[in-house]
């Protein structure tokens, strides 16, 4: 499976279906994820065993970019901490989840995808002299 397809599959599994015009942006984050992995591994290419880690990192970078540019949750109608507003007798409801707002949860997910477990990556690293 090509890495671009892997990233699109991961994004789809997370509930985001990328549009055709986002392929170039996804490819940019694939390159960034590759650079981050290679610098940590001291290698010339990403080992096959880290294919899914690479796809996860690229998907996380893409999602974080979408969140920080306010393109993701605002498009879905959940832009922040406020859950609902009622005008009659003024009621404002905030997300009371122990996990925070949808934005908070998505940012944590993106961060987890971008920073994989060091033990997984460490198994493929090489020493530099």
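Only the coordinates and a few stated rules stand behind these numbers; no lab work does. The structure presented is a predicted model; accordingly, all values stated were derived computationally and were not measured. Cβ coordinates were reconstructed from backbone atoms using ideal geometry, including for glycine residues, and neighbour counts include every protein chain displayed.
Key figures
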item: Estimated FRET transfer efficiency (residue 43, residue 69; beta-carbon r; R0 25 Å; 0.05); result: 0.20
item: Difference of contour (0.36 nm per residue) and Cα-Cα distance, residue 52 to residue 25; result: 7.8 nm
